[in-house]
Amino acid sequence: MPKRTLLAAAAVLATPLPALAHLNPAEHGSLLAGVSHPLTGIDHIVVMLLVGIWAATFKGAARFAIPAAFVGMMLVGFGLAMAGVSLPFVEPTIIASLVAVGLLIALAVRIPAVAAAAIVGVFAMFHGHAHGSELGAAGALSYACGFALATAALHGAGLWLGSAAVRHAQPMAIRAAGLFGAVAGLALFAA
């Protein structure tokens, strides 16, 4: 079973993604446009999966508090964008989130759960700001609900993959996922 889980995770992460445009809210509704938004960028997908994988390495309530911190602070960042507050270096910080979270996982850095939640929370604010900056014609509330749900689902998928690796004593699979995320971030910086 652990080898199957590892192979399934590798297949998902290695699958090339088609170039997808964000859904037009006028045609698909603001909720679906929000749901699709984080699913159309490799940077968003990878870091959200990594947050779930990293959370799986913690015990107890922290396993859920870390992803919840991401979603909550992402909504704060969205609110800042809606209020017209600009954040510097939004896109570079989003890419840096892949490298940082990926390296924390790859190097098996042990920090308190509160610190992990703070780290992902800071990065999440930039992700949320980007979502808000790309709102377009969507209704803000339903759009925000959509991308929050999609983000939580990606965190859940990462938590499931990470939990399977923890349960089957596969720490190298977790570290490999972190390394993949860090390398993906570096590749995006270079692009």
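Values in this text are rule-based calculations from the coordinates and carry no lab data. This structure is a prediction, so every number in the text was calculated from the model and none was measured. Here the Cβ positions follow ideal geometry from the backbone for every residue, glycine too, while neighbour counts run over all protein chains shown.
Observations on the structure shown:
- Positive-end residue of A124, I53, Y143, charge dipole of segment 31-190 with Cβ unit charges: I53
- With a cut-off of 14 Å between beta carbons, the residues surrounding F126 carry a summed charge of -3, where Lys and Arg count +1 and Asp and Glu -1.
- Fewest-first sequence of M74, M172, M125 by Cβ atoms within 10 Å of each Cβ: M172, M125, M74
- Separation between Cα centres of segment 127-171 and segment 71-107, rounded to whole Å: 13
- Residue order for I53, I119, I174, fewest other beta carbons within 10 angstrom first, comes to I119, I174, I53.
- Value in Å of the Kirkwood radius, where segment 31-190 supplies the Cα pairs that are averaged: 15.3
- Entry note: segment 104-191 has Rg to Rh equal to 1.03, where both radii use alpha-carbon atoms and Rh is the Kirkwood radius.
- Projecting label points 7 angstrom from Cα along Cα→Cβ for R167 and V85 puts them 4.0 nm apart.
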